[in-house]
Each structure stands twice: as structure tokens, then as C-alpha cells.
2 protein chains.
Amino acid sequence: MIKLGVLASGRGSNFQSIIDSIDRGALDAEIACLITDNRSAYAIERARLHNIPHVYINPAGYASRDIFYRSIADELQFCEVELVVLAGFMRVVKKPLIDAFPMRIMNIHPALLPSFKGLNAQKQALDYGVRIAGCTVHFVDEEVDSGPIILQEAVPVFSDDTEESLSARILESEHRIYPLAIKLFIEGKLRVTGNTVKIGD
Amino acid sequence: MIKLGVLASGRGSNFQSIIDSIDRGALDAEIACLITDNRSAYAIERARLHNIPHVYINPAGYASRDIFYRSIADELQFCEVELVVLAGFMRVVKKPLIDAFPMRIMNIHPALLPSFKGLNAQKQALDYGVRIAGCTVHFVDEEVDSGPIILQEAVPVFSDDTEESLSARILESEHRIYPLAIKLFIEGKLRVTGNTVKIGD
């Protein structure tokens with residue numbers, strides 16, 4: 001059974017959707033640890049409720065960002081993690097962690113990449129006036145919201161949408177495709193060639 | 001009944017979808033003229049078949065691009081056109097035409113803007129490895145594939161897609177949303193505020 005490591009900074013609703021998928025047998029995996037950079041992240045509470053080991057790593061406690069990410073990589077390797085799942089981790093992941101888990105770190109972004117990279121993607125989409133929004137699961141590389149795309153799902157944008165209503169609609173979509181992307185990884189169905197991912201047997 | 005002016009450089013399949021929508025009564029409009037910059041565009045043949053006046057304007061015959069676009073604007077105004085529809089017009093429209101028809105020029109682009117602006121959008125999408133592609137109808141402003149978005153439709157990208165198969169799937173979608181966007185314009189349901197379009201009564 002594959003071991004996952006989850007990194008989260010906030011409420012961790014995608015973390016929960018993965019827990020739920022495992023609990024109902026849809027995902028043949030075990031969450032070996034939750035790592036958070038935020039002592040008051042609600043994700044910690046979710047980990048406690050499900051007996052998932054959790055570690056708070058204080059970014060202020062490290063001499064450099066490289067050492068910070070090297071420590072996270074060490075922790076994940078200590079837990080024998082095979083796939084790292086970013087679930088609302090509000091930092092740009094740096095080289096020491098990426099190098100330790102090449103094409104084995106996934107992220108979800110609340111936009112149809114390459115549109116609306118960075119923060120507040122849903123607001124960016126509303127401000128631009130798009131009619132179709134969505135979310136993207138991708139492997140993480142050294143650029144922000146870049147890296148090979150695994151899955152995407154589109155949702156409509158309605159005329160009366162607010163940032164909240166659109167975010168909620170996209171989040172439902174996130175909770176569907178993130179566990180699915182992890183499942184494809186576990187089943188060995190993702191083949192990365194260059195900057196693209198082929199899904200197949 | 002509103003008069004449309006269509007600009008096309010090639011086969012004009014979107015031009016045809018508009019003709020068809022008018023013919024079956026779905027669009028209460030008349031195509032007052034087709035203007036083309038390509039003497040051998042198949043769009044001319046379509047115009048002939050449907051008794052639509054057509055004009056070939058040779059770009060080489062004008063001292064400057066501004067004069068070229070001023071001439072197109074004159075021709076459209078002479079035909080009493082109220083809405084200009086770009087249907088595979090392979091040029092960047094310039095200020096004299098845009099100023100003559102402010103927020104009354106529509107374009108369709110084979111991508112979910114703001115992703116994949118410019119040429120070969122479908123190939124750009126495949127090269128990037130997206131799972132969702134689509135098309136966008138927007139008002140034309142002075143930047144390429146910019147301007148307020150009217151409608152978008154998403155289509156899936158499949159693992160075995162080629163540029164041809166994806167383009168064909170997107171084209172079906174184009175033929176659906178372009179007439180629909182024109183219909184919304186005719187019915188007075190498009191309100192442009194800033195860079196976004198509200199659809200409503």
C-alpha cells in the first residue's frame with residue numbers, strides 16, 4: 001500500500017477528500033504524515049481525528065529556505081512517503097524537496113492552467129470575465145503552478161457568481177479530481193514525457 | 001433586422017454556421033456583406049451560394065494598414081452593418097476598424113482564453129498537455145485575442161488526440177457558440193462593463 005505525505009497550510013478540505021476516499025476504499029493508500037507550516041491549521045485537527053501522524057515545521061526556525069525544504073524532504077523520507085500531496089500548502093516548493101521527489105509531488109490549483117496562476121485564481125477568473133473556470137492537478141516543478149498536468153475539470157461561471165460561490169463550485173470539482181489523480185498515480189497509469197502526462201496502462 | 005458584416009480569410013466554416021442559423025430561423029439577422037483579404041478563400045464560394053454580397057480587399061493595394069482598415073470600415077458602414085463578425089480573419093484588426101465599431105466586432109478563438117492566445121491555439125494546448133480545451137467568443141479590442149469575453153465552451157482533450165482531432169472537436173463547439181453569441185447581441189442582452197460582459201435583460 002502506497003504511503004502519501006500531505007502538506008497543508010489551512011483548513012485542508014482537499015486533505016479531507018483524500019482521507020474520505022481512502023476510508024471508503026476508493027483509494028488504496030495510507031497517509032503516512034501531515035506536514036504543516038501553520039500551527040493553527042485546521043488540517044491538524046483533521047489529522048488528529050483520523051489518527052494521522054502530523055508534524056508542524058516552523059519556517060522561522062530554519063536558516064534558509066533550502067534547509068527548510070531539505071528538512072521537509074527528510075521528514076517525508078523518514079515516513080517512507082512515495083507521493084507528496086500539496087493540499088493548500090501556501091508556499092512555493094523549492095528545489096531540495098522537488099529533487100527528493102521528482103514527479104512525485106502533486107498540487108491542485110483552482111483554475112484551468114495555464115490560465116490564472118498564482119494567488120486568488122478564482123478572483124482572477126471573475127475579474128477577467130471568463131465563462132468557464134475549473135481546477136488542475138499537476139506535478140510540481142520549480143515554477144509556480146507549472147509542471148505537467150494530470151487532470152483538469154471545468155465548471156461554469158454564472159453572471160451572479162461571487163468569489164465565494166465560484167470557489168465553492170470549483171472546490172467540489174477539486175474534491176473529485178484530486179483523489180482520482182492520486183489513484184491514477186498509484187495504479188501506475190501516469191507517464192510523464194517532457195512537460196506532458198500520458199494516462200494509460 | 002440587424003445587418004452583419006463577416007470578415008474571413010479561409011474556408012469560413014463559422015461563416016457557414018451563421019448562414020445556417022439564419023436560414024433555419026434561429027438568428028434574426030441578415031449578412032449584408034462578406035469581406036475577404038484572400039481572393040481564393042472558400043468563404044467567397046459560400047457567399048455566392050447564398051447570394052451574399054462579397055468584396056475582396058487586396059491588402060497590397062493600400063499605402064498603410066490604417067488605410068486598409070479604414071477602407072474595410074467604410075465598406076462595412078456603406079453596407080449599414082451593425083455587428084462585425086470575424087470568422088477566421090487571419091489579421092490583427094487595427095484601430096480605424098475598431099474605432100468605427102466599438103464593442104461591435106466579435107471574434108472566435110479556438111482556446112479557453114486567456115490560455116493559448118495567437119496562432120495554432122489547438123497545437124499550443126496539446127503541447128502544454130491540458131485536459132480541457134475549448135473556444136471563446138469575445139469582443140475585439142486592440143490587443144490580440146484580448147477583449148471582453150462573451151461566451152466560452154469547454155471540450156475534453158483525449159490522450160490520443162492529434163491537432164486535427166482536437167481542432168475538429170473545438171470547431172463543433174465554435175459552430176454552437178458563435179451564432180448564440182450573435183443572438184445575444186441582437187437581443188440586446190450583452191452589457192460590457194470594463195473588460196467583462198454581463199449577460200442579462
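The values are calculated or read from the model by the stated rules, or taken from the named source; none is laboratory data. Owing to the predicted nature of the structure, the values given are computational and were not obtained by experimental measurement. In this analysis, Cβ positions are derived from the backbone assuming ideal geometry, glycine residues included, and neighbour counts consider all displayed protein chains. Calculation scope for accessible area: heavy atoms of the full protein, side chains included, ligands and nucleic acids excluded. Shrake-Rupley method; radii C 1.70, N 1.55, O 1.52, S 1.80 Å.
List of remarks:
- Residues that are open to solvent by 30 Å² or more (accessible area, probe 1.4 Å) and within 9 Å of chain A (Cβ to nearest Cβ) were ranked within the range B:136-155; the one that is farthest from B:K94 (Cα to Cα) is B:A154.
- Residue that is farthest from the other protein chains (Cβ to nearest Cβ) [pool: residues in the range B:105-122 that are over 17 Å from B:I132 (Cα atoms), in contact with a helix residue (DSSP H, G or I) (Cβ under 8 Å, 6 or more places away or on another chain) and crowded, with 17+ Cβ neighbours inside 10 Å]: B:I105
- Listed by position, the strands (runs of 3 or more DSSP E) contained in the range A:1-66 that have at least 2 residues being in contact (Cβ under 8 Å) with a residue 40 or more places away in the chain, open to solvent by less than 30 Å² (accessible area, probe 1.4 Å) and assigned by TED's automatic domain parsing to the domain that holds A:E82 are A:2-8, A:29-36.
- Tally, over the range B:88-111, of residues that are under 22 Å from B:E153 (Cβ atoms) and free of Cβ contacts under 8 Å to residues at least 60 places away in the same chain: 4
- Unique match (being within 14 Å of another protein chain (Cβ to nearest Cβ), of a type outside the set (S, T, N, Q), more than 26 Å from B:I44 (Cα to Cα) and surrounded by 15 or more Cβ atoms within 10 Å (Cβ to Cβ)) among B:G129, B:G194, B:G200: B:G129
- Those residues of the range B:68-92 which are among the β-branched types (V, I, T) and either at pLDDT 95 or above or within 20 Å of B:A29 (Cα to Cα) (or both), in sequence order: B:I72, B:V81, B:V84, B:V85
- Which numbered condition B:R169 misses (of (1) over 15 Å from the mean Cα position of the chain (by Cα); (2) within 13 Å of chain A (Cβ to nearest Cβ)): (2)
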